[in-house]
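Single-structure report; data block below.
The values are calculated or read from the model by the stated rules, or taken from the named source; none is laboratory data. The structure presented is a predicted model; accordingly, all values stated were derived computationally and were not measured. Ideal geometry is used to build each Cβ from the backbone, glycine not excepted, and the neighbour counts take in all protein chains shown.
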Amino acid sequence: MTQPLIELKGVSKSFDGNKKILDNVDLTINRGEAVGIIGPSGTGKSTILRIIAGLMAPDAGEIYVEGERRKGLVEDYGNPIGIGMVFQQAALFDSLTVEENVGFLLYQHSNLPRSRIKKIVNEKLEMVGLAGTSDRYPAELSGGMRKRVSFARAIMANPDNPKETPEVLLYDEPTAGLDPIASTVIEDLIQQLHCTTGVCNTYAIVTHQHSTIRRTAHRVVFLYEGKVQWEGSVNQVDTTDNPLIRQFISGNVQGPIHVVG
């Protein structure tokens, strides 16, 4: 069998002492795969992305990236491949321009001349449909545009260090809070980056939106009560008789998923 690009084995994570968010989770992401991670709020979906990215350490379990076990956080150990993350609220610096946000990594951690960084930034902005916006500030952009700026930042790479080129992208609720048209633009962009640009052909996406699940995922993983309760192809979401999936997709308040409040 082909070795997974990313593999989590027996990963657990708790917060506030005893609140277990992830409970002995196994998860694989294969090269070229698009994995959708779904489930009710508070079930650890965003936590899994942060653990994969190396921004958070699990309490127990092992993380392998291209077969190499990661020890500690990414800043302590690094990754054999580049991993980029698009945060739920875009997480842009309000006091910086679009250019400074997108080029932040290179401005802070490379020796590239400013003129070259500007050229790279403009290339990435053009890829996400935002050419000509480099001098704007986040407050001057719509929600969908801010999301696209965060995409451009996530795919930034140092041309003098190919190992930093993102091979995996992690999307945390990329269409949350957007109207249907803006959501479609973001979904199209994810597909474009995955299929046509050659920037990054592997990703995991956390989402609640049905259209985003169906248009951007190949395989779906369902998390509930800290465990992987089901996984299958995106087409199997419609045909499975798993009661958790059936309730989640239908939005029914009656079923095995406990409704809070």
| request: Looking at (1) part of a loop (DSSP other than H, G, I, E, B); (2) touching a helix residue (DSSP H, G or I) at 6+ places or on another chain (Cβ under 8 Å); (3) touching a residue at least 40 places away in the same chain (Cβ under 8 Å); (4) closer than 21 Å to residue 172 by Cα, find the lone condition where residue 57 falls short. | output: (3)
| Can you spot a residue in the stretch 126-133 that is in the same structural domain as residue 192 (by TED's automatic domain parsing) and either touching a Gly at 6+ places or on another chain (Cβ under 8 Å) or assigned to a helix (DSSP H, G or I) (or both)? | yes
| message | Checking the condition of a type outside the set (A, V, I, L, M, F, W, C) and closer than 30 Å to residue 33 by Cβ, which residue from 172, 135 passes? | response | 172
| task | Name the one entry in 176, 182, 152 that is of a type in the set (Gly, Ala, Ser), surrounded by fewer than 19 Cβ atoms within 10 Å (Cβ to Cβ), at pLDDT below 90 and within 26 Å of residue 123 (Cβ to Cβ). | result | 182
| Single match in 112, 105 (criterion: within 20 Å of residue 158 (Cα to Cα), part of a loop (DSSP other than H, G, I, E, B), touching a residue at least 12 places away in the same chain (Cβ under 8 Å) and not assigned by TED's automatic domain parsing to the domain that holds residue 224) | 112
| task | Determine which single condition residue 48 fails, assuming it passes every other condition in (1) assigned to a helix (DSSP H, G or I); (2) in the same structural domain as residue 223 (by TED's automatic domain parsing); (3) without any contact (Cβ under 8 Å) to a residue 40 or more places away in the chain; (4) not basic (Lys, Arg). | result | (3)
